[in-house]
Amino acid sequence: MGRGTISRVTSRPASAQRLQDLARLRRVRDRIDREYRQPLDVQALARDVHMSAGHLSREFRLAFGEPPYSYLMTRRIERAMALLRRGDLGVTEVCFAVGCSSLGTFSTRFTELVGVPPSVYRRRAARTTEGMPPCLAKQVTRPIRNREAPAAEPQLA
């Protein structure tokens, strides 16, 4: 039996396992998209797809560019942006409506992704998207994914 035979035999199960893992990761991502308002934690998500929390986090990051918790917070912030643009809810109401249990964590993450605090966003959003169809407003105002909001240019004195 030559080396080529061994590599062919051992690579088949690895690729099948990878496909299974990707299917499980998509199920986790779909669940986060559906249940973003619910209290979700990585341990429970991992348990439901028969993975360890560490393995799920590593594989999720490889597949989708960010770990599950960051993905969840991005979904929550996207939804919060839509609610704040409506203008009929306050920041605290929006925080709890999207599933966050801490106003401080919500505001910090919102500011990191969007570049301004939620209260400032709420004031500006009405003017920015006025008269714009909701589907276009969502695209234009989507938070930056996988990196922080751009920092202001340094001012030279």
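General observations
Listed here are the residues, each with its yes/no results for (1) part of a loop (DSSP other than H, G, I, E, B); (2) modelled with pLDDT of 95 or more; (3) in contact with a Phe, Trp or Tyr (Cβ under 6 Å, 6 or more places away or on another chain).
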| position | (1), (2), (3) |
| --- | --- |
| Phe60 | no, yes, no |
| Glu66 | yes, no, no |
| Tyr69 | no, no, no |
| Arg76 | no, yes, yes |
| Ala82 | no, no, no |
| Asp88 | yes, no, no |
| Glu93 | no, yes, no |
| Phe96 | no, yes, no |
| Ser107 | no, yes, no |
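- Every residue from the stretch 25-62 that is surrounded by 11 or more Cβ atoms within 10 Å (Cβ to Cβ) and farther than 24 Å from Glu78 by Cα: Arg47, Asp48, Val49, Met51, Ser52, Ala53, His55
- Arg24, sole failed condition from (1) closer than 26 Å to Ser101 by Cα; (2) among the basic types (Lys, Arg); (3) free of Cβ contacts under 8 Å to residues at least 40 places away in the same chain: (1)
The values are calculated or read from the model by the stated rules, or taken from the named source; none is laboratory data. Values in this document were obtained by computation on a predicted structure and should not be read as measured data. So basically every Cβ, Gly included, is an ideal-geometry build from the backbone, and we count neighbours across all protein chains shown.
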